[in-house]
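Read-outs throughout are calculated quantities, based only on the coordinates presented, and are distinct from any laboratory measurement. The structure displayed is predicted, hence computed values, not measured ones. FYI the Cβ positions are ideal-geometry reconstructions off the backbone, even for glycines, and counts take in every protein chain you see.
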Amino acid sequence: MIRSGLLGRSILASRSPELHEKEAAAQGLDLSYELFDFTDRGWPDEDLAAVMDKLVAEGFSGFNVTYPFKQAVVPLLDELDESALAVGAVNTVAVRAGRLIGYNTDMAGFRGSFGDGLPGAATGRVVQLGAGGAGAAVASALLSLGVGRLDLIDVDAGRASGLAADLAGRFPGCDIRSGTLADVDTANADGIVNATPIGMNGKPGMPLDEARVLPRHWVADVIYFPPETELLRIAREKGCATMNGVGMVVGQAARAFEIITGCKADSERMAATLL
């Protein structure tokens, strides 16, 4: 039995168990995927290390990590893969002989989905909402795709400026700016990306004022459940090209499945399961 799972908050509606278990079954693997929802179980964030120790002791092969632990998990690991070092956040942890090795599959997942979901999208200037763990991966992907100017907006000004400084070191010559929602200016932006949890099940609403979304923008959201957030609905009604988080979640899940099981996943089959 291969045991894996997901650690995070407000994740009971996650489709990850179905994605991983059905892909395993299609390959003849005996795999279970459990949800460890800190909110539902009444666990404080400080229990993260203890929960991880418990999973290792129980023989888990690995697990995924989501909001709000993608950065908090980093110092608790024994080793970081190049993907995690590049992003500074972890969403997949493999257990190897008791050692915890962190990976980031979000960056590749977003990069691949962007090309498929918004082909030919202008990337002169992009406004990104959210500078947490998912935001670090998305920002890295956008800069690797050649975005000319990236505005990082977060409710925590220090978190936004910290990520901007980190990215500036890894993408020299790129125009990376930071600010809070009070500073956001989308007038001359080509696109808007939501990398915050606002809009997902359990956190309804808009990550910015809808007046900031203009018909000329393309709008991407990393959230996949629901597949159309309020942000995407309003953007679509205004005539914007939109992209939800389905492609990203399938891309990252396929790579995570491979890391945890050692078997390559069929991305098209996983996408069919999700849809």
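When the helices in the chain are scored as -39500 (n - 2.57) per DSSP H run of 4 or longer and the sum is shared across all residues, what 222 nm value do you end up with, to the nearest 500 deg cm²/dmol?
Computed mean residue ellipticity for the chain: -10500 deg cm²/dmol.
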_Relative contact order of the range 1-113, pairs being alpha-carbon contacts under 8 Å that are 6 or more residues apart, as %_ = 25 percent
*If you take the Cα atoms of the range 178-234, find Rg, then find the Kirkwood Rh from the mean of 1/r over all pairs, what is Rg/Rh?*
0.94
*What residues from the range 184-228 fall in the zone where the backbone N is under 12 Å from a label point 7 Å along the Cα-to-C-beta line of Lys238?*
185-193, 207-220
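So how strong a dipole does the chain carry about its Cα centre when Lys and Arg Cβ are +1 and Asp and Glu Cβ are -1, to the nearest 20 debye?
420 debye
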*asked:* I need the semi-axes of the equivalent ellipsoid of the chain: take the C-alpha gyration tensor, multiply each eigenvalue by 5, square-root it, list largest first in whole angstrom.
replied: 30, 20, 17
_Can you compute the modelled spin-label distance between Glu58 and Asp40, with each label point 7 Å from Cα toward Cβ, in nm?_
1.3 nm
*Projected onto the charge dipole of the chain (+1 at Lys/Arg Cβ, -1 at Asp/Glu Cβ, origin at the Cα centre), which of Asn188, Leu208, Thr229 gives the Cα projection farthest towards the positive end?*
Asn188
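Just how many % of Cα pairs in the range 107-244 lie over 18 Å apart, if you round to the nearest whole percent?
Details: 4603 of 9453 pairs.
Across the range 107-244, Cα pairs with separations above 18 Å total 49 percent.
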_DSSP-defined beta bridges in the range 41-171 - what % are antiparallel, rounded to 5_ = 55 percent
*Quick one: Asp78, Asp221, fewest Cβ neighbours within 10 Å first, how do they rank?*
Asp78, Asp221
*Which whole-Hz couplings ³J(HN,Hα) result when phi for each residue of the range 144-155 is put into the Karplus expression 6.51 cos²θ - 1.76 cosθ + 1.60, θ = phi - 60°, listed in order with x for Gly and Pro?*
5, 8, x, 4, x, 9, 10, 9, 9, 10, 8, 5
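Can you tell me what share of the DSSP beta bridges in the chain is antiparallel? A percent to the nearest 5 is fine.
Bridges in the chain that DSSP calls antiparallel: roughly 20 percent.
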*Among Ala134, Ala97, Ala122 the positive-end extreme of the charge dipole of the range 77-156 (Cβ point charges)*: Ala122
_Below 8 Å between Cα atoms, with a sequence gap of 6+, how large is the relative contact order for the chain in percent?_
17 percent
*Which residues' amide hydrogens lie under 5 Å from the amide hydrogen of Leu29, considering only partners 5 or more residues apart or on another chain, with H built in the peptide plane?*
none
_Rg/Rh for the range 12-165, where both radii come from Cα atoms and Rh is the Kirkwood radius_ = 0.99
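If you add up the charges near Asp175, with Lys and Arg at +1 and Asp and Glu at -1, over every other residue whose beta carbon is less than 11 angstrom from its beta carbon, what do you get?
+2
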_At a threshold of 8 angstrom on Cα-Cα distance, excluding pairs fewer than six apart, so keeping six or more, what relative contact order does the range 107-244 reach in percent?_
23 percent
*For the range 107-244, give the magnitude of the charge dipole about the Cα centre (Cβ charges: +1 Lys/Arg, -1 Asp/Glu; no others), in debye to the nearest 20.*
200 debye
